[in-house]
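The values are calculated or read from the model by the stated rules, or taken from the named source; none is laboratory data. A quick note: this is a predicted structure, and the numbers were derived from the prediction, not measured. In this analysis, Cβ positions are derived from the backbone assuming ideal geometry, glycine residues included, and neighbour counts consider all displayed protein chains. Each accessible area value is taken on the protein alone, full model and side chains, heavy atoms only, with ligands, DNA and RNA left out. Shrake-Rupley method; radii C 1.70, N 1.55, O 1.52, S 1.80 Å.
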Amino acid sequence: MSGVVLLLVSFSSPVVMAPPPNAPCRKCCDHMSPAEGSGDHPTMGEFSHVPEIRTYINMTILKGDKGDRGDRGTPGKVGHEGPPGPQGVAGSRGSKGQMGPQGDPCKLQYSAFSVARRKSLHSDDAYQAVIFDTVFVNLDNSFDMFQGKFLCRVAGVYFFNVNIHTWNFKETYLHIMQNDMERAIVYAQPSDRSIMQSQSMMLELQPGDAVWTRLFKRDRENAIYSDDVDVYITFNGYLIKPSGD
């Protein structure tokens, strides 16, 4: 029997499917994707398999030109001083410097004299101080021409020298004195020929000391010779080193 449709209808009692208590309401079409262009958000189940995407930026492509140099910063704290290094090689000798200014003359200490006698002298009944009549040098008038004595004003070591000329056939006997003490002698025996005699010495003096020469007494006939033309008798002295220098 072609073209005949059989419609079978089954009648039974109705059955209603109810959700369990407290279960969320779910539509029967919730598992389906929203229609394209509907604007509805897709369900989270469709994105559960989307891979994680991380952004990578190539900085070499983004590197710009070198900027200007910045301002200099403040200096840092000074570090600990290191140990001294070895001594270097000595440098070459420098050129001679200029002469400095002259020192204060008030601080210079000096003393000197040089005197002479142009007359002969014979022994007497007593010792005679040899008096001099000619001055060559007498700094600060330290040599007293009336007494024939050098008077010390600057303490120190001094050099003294006496030169005399003997008399024919007479003895020559002369002392160099420090205050009242005999320090040295100038001596020559009698002879038919006159000669020059000399004596030198150094003495350490204190201010107020006197150095002079004297001729021996008459009990030893003696004499020293001189004249007005030539100088035969001289007495000289000068300071070598002041005390304390």
What about Lys241, is it under 53 Å from the mean Cα position of the chain (by Cα), among the basic types (Lys, Arg), surrounded by fewer than 17 Cβ atoms within 10 Å (Cβ to Cβ) and closer than 21 Å to Phe113 by Cβ? yes
If we ask which residues in the stretch 175-214 are in contact with a His (Cβ under 8 Å, 6 or more places away or on another chain), open to solvent by less than 80 Å² (accessible area, probe 1.4 Å) and of a type outside the set (Val, Ile, Thr), their number turns out to be 4
May I ask you to verify whether Tyr127 is under 16 Å from Val211 (Cα atoms), open to solvent by 40 Å² or more (accessible area, probe 1.4 Å), modelled with pLDDT under 95 and hydroxyl-bearing (Ser, Thr, Tyr)? yes
Under the condition of being touching a residue at least 40 places away in the same chain (Cβ under 8 Å) and among the small types (Gly, Ala, Ser), which residue from the stretch 142-198 is nearest to Gln128 (Cα to Cα)? Gly148
Those residues of the stretch 147-174 that are over 50 Å from the mean Cα position of the chain (by Cα), loosely packed, with under 15 Cβ neighbours inside 10 Å and closer than 16 Å to Asn236 by Cα come to a total of 1
When (1) free of Cβ contacts under 8 Å to residues at least 12 places away in the same chain; (2) buried (at least 17 other Cβ atoms within 10 Å of the Cβ); (3) among the β-branched types (Val, Ile, Thr) are applied to Val229, the one that fails is (2)
Please work out if Leu139 is in contact (Cβ under 8 Å) with a residue 24 or more places away in the chain, open to solvent by 60 Å² or more (accessible area, probe 1.4 Å), more than 21 Å from Ser120 (Cα to Cα) and among the aliphatic types (A, V, I, L, M). yes
